[in-house]
1. Suppose the filter is over 22 Å from residue 217 (Cα atoms), buried (at least 21 other Cβ atoms within 10 Å of the Cβ), out of contact with any Cys (no Cβ under 8 Å at 6 or more places or on another chain) and in contact (Cβ under 8 Å) with a residue 12 or more places away in the chain; does residue 118 pass it?
2. How many residues does segment 228-249 hold that are surrounded by fewer than 16 Cβ atoms within 10 Å (Cβ to Cβ) and at pLDDT 95 or above?
3. Suppose we filter segment 187-198 for residues that are of a type in the set (S, T, N, Q) and surrounded by 19 or more Cβ atoms within 10 Å (Cβ to Cβ); how many remain?
4. Please note which strands (runs of 3 or more DSSP E) are completely contained in segment 1-102 and include at least 3 residues that are in the same structural domain as residue 138 (by TED's automatic domain parsing) and more than 22 Å from residue 181 (Cα to Cα).
5. Check segment 122-130 and report whether any residue there is surrounded by 21 or more Cβ atoms within 10 Å (Cβ to Cβ), outside the structural domain of residue 104 (by TED's automatic domain parsing) and under 30 Å from residue 274 (Cα atoms).
6. Need pairs with beta-carbon distance below 8 Å; first residue more than 23 Å from residue 134 (Cα to Cα) and within segment 216-245, second in a strand (DSSP E or B) and β-branched (Val, Ile, Thr); sequence gap 6+ or separate chains.
7. For residue 292, state whether it is crowded, with 19+ Cβ neighbours inside 10 Å and outside the structural domain of residue 23 (by TED's automatic domain parsing).
8. Tell me which residues, restricted to segment 145-186, are under 22 Å from residue 82 (Cβ atoms) and loosely packed, with under 14 Cβ neighbours inside 10 Å.
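The values are calculated or read from the model by the stated rules, or taken from the named source; none is laboratory data. From a predicted model like this one, the values you see are computed outputs, not experimental measurements. For neighbour counting, all protein chains shown are included, and Cβ atoms are generated from backbone atoms with ideal geometry for every residue, glycine included.
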Amino acid sequence: MDYGLLKAFLEKEGCIYKENEPMSAHTTFKIGGPADIFIKPVGEEVLSKVVAFCSENEIPVTVVGNGSNLLVSDLGIEGAVIHVGNGLSDIELTDFNEISCGSGIKLSLLCSFAAENGLSGLEFAWGIPGLVGGALYMNAGAYDSEMANVISECRVLSKNGEIETITKDKMKLGYRTSIFKEKKNKIITSAKFVLQPGLRDNIRQTMDTLFERRKLKQPLEFPSAGSTFKRPTGNFAGTLIEKCGLKGFTVGGAQVSEKHAGFIINKGNATASDVKRVIEAVSERVFLETSIRLEPEVEFVGR
């Protein structure tokens, strides 16, 4: 595909972009082939223009944030990869118990901001390595809570560049899913959260306690995409995988973590193909032994 017109448009709009940018530099798995054009728009208005231009010129668009739940193909991603990050990172207190922020802000920064302002409800998210947009996209959760419990509304951008506000009741938030994930036709640009007043020290203490639990149980010292599989009804994926004797199961550089079987980790130079083969082997083995089919939580992106 000839990207000459797109590059000229991006330069005119003052957008930072790179050609053949390795996605391994933009995912927590540290895996992924090149993006044809990797774009960093500055602000919602420019993002809207870029998305509309790509739509008009039939250029495929993939939106990424922190890449914390992605497995990108070894062959890379066709078209434009738009990184929603620094360009959408404003945050402010808009009411005594309401925070508004851009979708490109780190979830950890949102949690810290809430704690500093004595607002409780986001403690569960402390330590989840994603951006606000991605967390809402998959309704991220942990420790018996999730984004659905705190979100109020969000601004979104359609693929033709139009902006609208969507309230919580229209987001179809479920276990690791949302209308954004189901339809993939909207880009989240900002969000509002309604929280509960609390004592700053108590909120911080809860955040620290939960993070210590993460460090003890999860293989944070290795690249991964977090929990690889969704939790099956009435079970835990990691427990089922461990019972099937698959802790430490390895293909190439990808391994079922010996610390927590619910995580597949990059032990060094793992490819997307290695990870996919581990996922498929684990899923098949667990199904044969338990009749429970594990569903991947990680998203597969690219060619």
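1. No; evaluated as a whole, the condition is false for this residue.
2. So the answer is 4.
3. At the first step, the residues of segment 187-198 found to be of a type in the set (S, T, N, Q) are 189-190, 196.
Applying the additional criterion that residues be surrounded by 19 or more Cβ atoms within 10 Å (Cβ to Cβ) yields 189-190.
Residues that pass the stated criteria total 2.
4. Numbers: elements: 16-22, 34-40, 61-64, 70-72, 77-83, 91-95, 98-102.
In segment 1-102, 91-95 are the strands (runs of 3 or more DSSP E) which contain 3 or more residues that are in the same structural domain as residue 138 (by TED's automatic domain parsing) and more than 22 Å from residue 181 (Cα to Cα).
5. No, segment 122-130 contains no residue that is surrounded by 21 or more Cβ atoms within 10 Å (Cβ to Cβ), outside the structural domain of residue 104 (by TED's automatic domain parsing) and under 30 Å from residue 274 (Cα atoms).
6. What qualifies is 241/256.
7. Working: crowded, with 19+ Cβ neighbours inside 10 Å: no; outside the structural domain of residue 23 (by TED's automatic domain parsing): yes.
In short, no.
8. Matches in segment 145-186: 160, 162, 164, 165, 182, 183, 184, 185.
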